[in-house]
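Notes to accompany the following structure.
The values are calculated or read from the model by the stated rules, or taken from the named source; none is laboratory data. Nothing here was measured: the structure is a model prediction, and the numbers come from that model. Glycine also receives a Cβ, built like all others from the backbone with ideal geometry; neighbour counts cover every protein chain displayed.
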Amino acid sequence: MSSQFSRRSFLTRSAATLGGIAVAGSVVDGFFADFAEAAIGVNSGKPRIGGTLTVGTLSDVPNYHTFNGSQGKMDASGFCVANALYDPLFVMSHDGRVALPMLAQSATPNSDYTVWTIVLHRGAYFTNGDEFNAEICVKNYQAAAADPTVGLAIQPLVASVTMVDAYTVAYNMVIPFTTLPVFLAEQQVGYMAHPDSFVPTYTGKPIGTGPFKVKSWVVGVESQFTRNENYWRSDAAGRRLPYLNAINFKTIVDSASRNEALQTGAVDIMLQQTGTQINALKHMANVSMVTDIDQPSDAAVNFLICNTTSTLNQYFCWAGEFASIGVPGSLSYIEKGEAPPAAVQDADYLGTLGAVNPSTLQWDTSLKPVINDLSIRKACAMAINRKIYFRVIDDNVGAVANGAFRTTSRYYKNPGYPSYNPAKARALVDAYKSANGLSKVSFVIDILSDDAVAQQAFSFFQQQLSAVGITVTPRPLVQSTLINNVIYGEYDCATWNQFGAVDPSLNYVWWLSLPATTAPPDGLGMSSLPAGTNIAGAVNFAHQGDPTVENAMLAALGSRPGSATTRSSWETVNQQFAQTIPYLWLDVLVNAWAARNHVQNWCYATAGDGTTRMLSPDQGACRWDQIWLTK
């Protein structure tokens, strides 16, 4: 399945660091000295300059005029395209241990990690001729903070970004945050775009400092890019990057069709996330493949995400986002120095309670939901045989999952997720029916349209849940719509994948919740709600308002990465998910990159110095500037 919001997080931890950043050209290079020349996708020979690379991707953006780190909504394919157009502030080392310089040269924290001072690279130019500097870096943050969705993912972490001088900025944090450089290497807000594109009425092409620039873009079909002749980077031999003349991205939603395109030569290289098709690649002539199974990160997890409150996004309700449908929002009163009326607080909390109507496939506040009941979510967890899903849907590629961390992770301890037990599941469903006077338990599952594997997976869920007395209806959606519905809370349950990270701290915003009754800024100021109530943060899509999770995460973020406190805190988070079941875990998501044999050096890329090797492919995304073609 490939419906994700963001899942890019790595740990910065090494002796070879300066304020959390590995200095390119330092002893970090020793990590890579013994890298085998025969490794797949790595070629140290003299590159052939020129040629056009065609890439098969899973999806495209809704609007390329706002495609940048501050305003876009990037999935794995989005990161692929962004790597052609933009450079990030940092990139990750090949072993995933440290952040390396790119548009930023260094990052130094204060004593409690609440302020990071970042020195920027001089001499990087946008394709319109303007130089990248501190003022532009600040404007990228301001555009991200003001964006209605991207801002919600960074506001719990970054309070502001301010200029120190023309090439130095300060990132001022909301909470102590030891892994900011890694955040800026792995999250989309690390990509720097020219501020001209942030204007709401902008209809031009994206403007970046990256190795390529836009030639044409037909959304949902194909985007074409040509070489940035003034790109600021060179390789270790002093050759100006990129090697290619052009790169084209073809959107091929169906996984089998992507394999076919690679086999016939319609694409030169592609991303694949479906187990059956990954296995098929192993037998394809003139093709080589790598996966991220053994990468340093915790892989993302495939799961069904549940709307645990069966409401629209309660944080959005509090903020007044749904005022047009009769939910005025407590924030409007708080901003005037007034206590929100109890009726408004109740409306924010439960006034949008409802479910997706299986007949109209629209959100319906007149319906009684079921997925908000823990016993039903537990029944679903017990009804779905994850081992069979892993074998039948993903063809034994990856591993069965029982939590947010893979079993080899340093943060893994068996969380006690419910085991497959259809008899107990049916008993829970029957008890729920009896207690609520119901003859039927049903809900809607959102799935990707135009994807045969998504249809197959839904049929599997339908059969498994039907066996315990639960009826489910599919709602096929294009990926952007599916994601938006989950963001706004207009869903019951949806296919999803997320949470890949070497260090779980970068998942904080996705699991954040706030004390409802505590006054802002630490809480939401809704004093009439029951004491101890937490409301999920804006991008906590499962809506689990959980003080146990929140307190454990804050303990982890306030401790040294890798410490005993950090490990035990993340174990607590994972264990709590097994108890409250916001996610119906399935299996590990495997990203596979496959290329035809004339594509060279596609598993190699360097940091800003052109010498120190970075991580590429990085889960579902590649860098493109040092790839070359033999024909």
Among residues belonging to region 241-268 that are under 20 Å from Asp394 (Cα atoms) and acidic (Asp, Glu), point out the one that is surrounded by the most Cβ atoms within 10 Å (Cβ to Cβ). Asp254
Answer from Ala556, Ala542, Ala531, Ala538 - the residue that is in the same structural domain as Ser375 (by TED's automatic domain parsing), among the hydrophobic types (A, V, I, L, M, F, W, C) and surrounded by fewer than 22 Cβ atoms within 10 Å (Cβ to Cβ): Ala531
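If you check Thr365, Thr308, which single one turns out to be hydroxyl-bearing (Ser, Thr, Tyr), touching a Gly at 6+ places or on another chain (Cβ under 7 Å) and surrounded by fewer than 24 Cβ atoms within 10 Å (Cβ to Cβ)?
Values: Thr308 fails: touching a Gly at 6+ places or on another chain (Cβ under 7 Å).
Selected residue: Thr365, the only one of Thr365, Thr308 that is hydroxyl-bearing (Ser, Thr, Tyr), touching a Gly at 6+ places or on another chain (Cβ under 7 Å) and surrounded by fewer than 24 Cβ atoms within 10 Å (Cβ to Cβ).
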Taking only region 373-405 into account, find how many residues are β-branched (Val, Ile, Thr) and part of a loop (DSSP other than H, G, I, E, B). 3
Do we find that Gly326 is in contact (Cβ under 8 Å) with a residue 24 or more places away in the chain, surrounded by fewer than 23 Cβ atoms within 10 Å (Cβ to Cβ), under 20 Å from Cys493 (Cα atoms) and not acidic (Asp, Glu) in this structure? no
Tell me whether region 385-397 contains one or more residues that are at pLDDT 95 or above and closer than 20 Å to Ala355 by Cβ. no
Quickly run through region 375-413 and pick out the residues that are among the hydrophobic types (A, V, I, L, M, F, W, C) and under 26 Å from the mean Cα position of the chain (by Cα). Cys380, Ala381, Ile384, Phe390, Val392, Ile393, Val397, Ala399, Val400, Ala401, Ala404, Phe405
Are there any pairs with C-beta distances below 8 angstrom linking a residue in region 358-383 that is free of Cβ contacts under 8 Å to residues at least 24 places away in the same chain and not assigned by TED's automatic domain parsing to the domain that holds Ser434 to a residue that is surrounded by fewer than 19 Cβ atoms within 10 Å (Cβ to Cβ) and of a type in the set (A, V, I, L, M, F, W, C), with the two at least 6 apart or on different chains, and if so which? none
Could you say whether any residue in region 225-236 is over 30 Å from Pro561 (Cα atoms), without any contact (Cβ under 8 Å) to a residue 12 or more places away in the chain and among the polar types (S, T, N, Q)? no
Kindly list the number of the only condition in (1) under 30 Å from Leu312 (Cβ atoms); (2) modelled with pLDDT under 95; (3) not aliphatic (A, V, I, L, M) that fails for Asp609. (1)
Taking Gln498, is it modelled with pLDDT of 95 or more and either among the polar types (S, T, N, Q) or crowded, with 24+ Cβ neighbours inside 10 Å (or both)? no
Which count do you get for residues in region 433-462 that are within 16 Å of Asp373 (Cβ to Cβ), in contact with a Pro (Cβ under 9 Å, 6 or more places away or on another chain) and not hydrophobic (A, V, I, L, M, F, W, C)? 1
In region 198-227, what residues are outside any strand (DSSP E or B) and either surrounded by fewer than 21 Cβ atoms within 10 Å (Cβ to Cβ) or modelled with pLDDT under 95 (or both)? Phe198, Val199, Pro200, Thr201, Tyr202, Thr203, Gly204, Lys205, Val219, Gly220, Val221
Taking the criterion of being modelled with pLDDT of 95 or more and either under 23 Å from Ile487 (Cβ atoms) or more than 27 Å from the chain's Cα centre (by Cα) (or both), would at least one residue in region 321-328 satisfy it? no
Looking only at region 168-196, how many residues end up being small (Gly, Ala, Ser) and at pLDDT below 95? 1
Scanning region 585-598 for residues that are buried (at least 23 other Cβ atoms within 10 Å of the Cβ) and of a type in the set (A, V, I, L, M, F, W, C), the one nearest to Met102 (Cα to Cα) turns out to be Trp593
State yes or no: is Tyr231 out of contact with any strand residue (DSSP E or B) (no Cβ under 6 Å at 6 or more places or on another chain), of a type in the set (Phe, Trp, Tyr), farther than 21 Å from Ser77 by Cα and in the same structural domain as Glu131 (by TED's automatic domain parsing)? yes
I'd like to verify a number: residues in region 33-74 that are more than 30 Å from Pro148 (Cβ to Cβ), surrounded by 15 or more Cβ atoms within 10 Å (Cβ to Cβ) and either at pLDDT below 90 or in contact with a Leu (Cβ under 6 Å, 6 or more places away or on another chain) (or both), how many? 2
Just to be sure I understand, how many residues within region 560-588 are assigned to a helix (DSSP H, G or I), farther than 18 Å from Ala299 by Cα and at pLDDT below 95? 3
